[in-house]
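Trainee: Pasting in a structure now, in structure tokens, and then I'll have a few things to ask.
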């Protein structure tokens, strides 16, 4: 199973839970884990894409944000309303079985889409929607 980043922006509310998913389930490398201005920034990436990094950042990456803004972003994240992420894979069904076995919330089982891909979808521990796409010619 080869999962590669296609498109990304990921906000997380618990970096340890996010790491358990992105590192331990998806197999991404942890490339950086630092604190900055009271926040934690973790960078991960697919071993097969050493030039692509995914920053797991706080829901609102502004230390001057108002409490109401922070609350609003936390609520949007909890509802899965922030950016989705699309990963490519060479085997959608194997990716689905592996990720489902981890206990991740299934949003869509593998299905052939009319636009030329087979895909499935999950939520990560923070509630972000993740899609795993296999182009039909692979």
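The values are calculated or read from the model by the stated rules, or taken from the named source; none is laboratory data. It should be emphasised that the depicted structure is a prediction, and the values quoted were computed from it without experimental measurement. Glycine also receives a Cβ, built like all others from the backbone with ideal geometry; neighbour counts cover every protein chain displayed.
Trainee: Would you point out which residue out of 95, 65 is over 17 Å from the mean Cα position of the chain (by Cα) and either buried (at least 18 other Cβ atoms within 10 Å of the Cβ) or part of a loop (DSSP other than H, G, I, E, B) (or both)?
Mentor: Working: 95 fails: over 17 Å from the mean Cα position of the chain (by Cα).
After applying the criteria, what remains is 65.
Trainee: May I ask you to verify whether residue 109 is outside any strand (DSSP E or B) and more than 11 Å from the chain's Cα centre (by Cα)?
Mentor: Values: outside any strand (DSSP E or B): no; more than 11 Å from the chain's Cα centre (by Cα): yes.
No: the conditions fail for residue 109.
Trainee: Just the residues that are within 13 Å of the chain's Cα centre (by Cα) and part of a loop (DSSP other than H, G, I, E, B), please, taken from the range 15-53. Spell out the reasoning first.
Mentor: We begin by selecting, within the range 15-53, every residue within 13 Å of the chain's Cα centre (by Cα); these are 15, 17-28, 42-46, 53.
Across the range 15-53, the qualifying residues are 26, 27, 28, 46, 53.
The rows are residues; the columns are (1) surrounded by fewer than 16 Cβ atoms within 10 Å (Cβ to Cβ); (2) modelled with pLDDT under 95.
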| site | (1), (2) |
| --- | --- |
| 32 | yes, yes |
| 72 | yes, yes |
| 76 | yes, yes |
| 79 | yes, yes |
| 86 | no, yes |
| 100 | yes, no |
| 109 | yes, no |
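Trainee: If residue 18 meets every condition in (1) in contact (Cβ under 8 Å) with a residue 24 or more places away in the chain; (2) surrounded by fewer than 18 Cβ atoms within 10 Å (Cβ to Cβ); (3) out of contact with any helix residue (DSSP H, G or I) (no Cβ under 6 Å at 6 or more places or on another chain); (4) within 16 Å of residue 124 (Cβ to Cβ) apart from one, which number is that one?
Mentor: (2)
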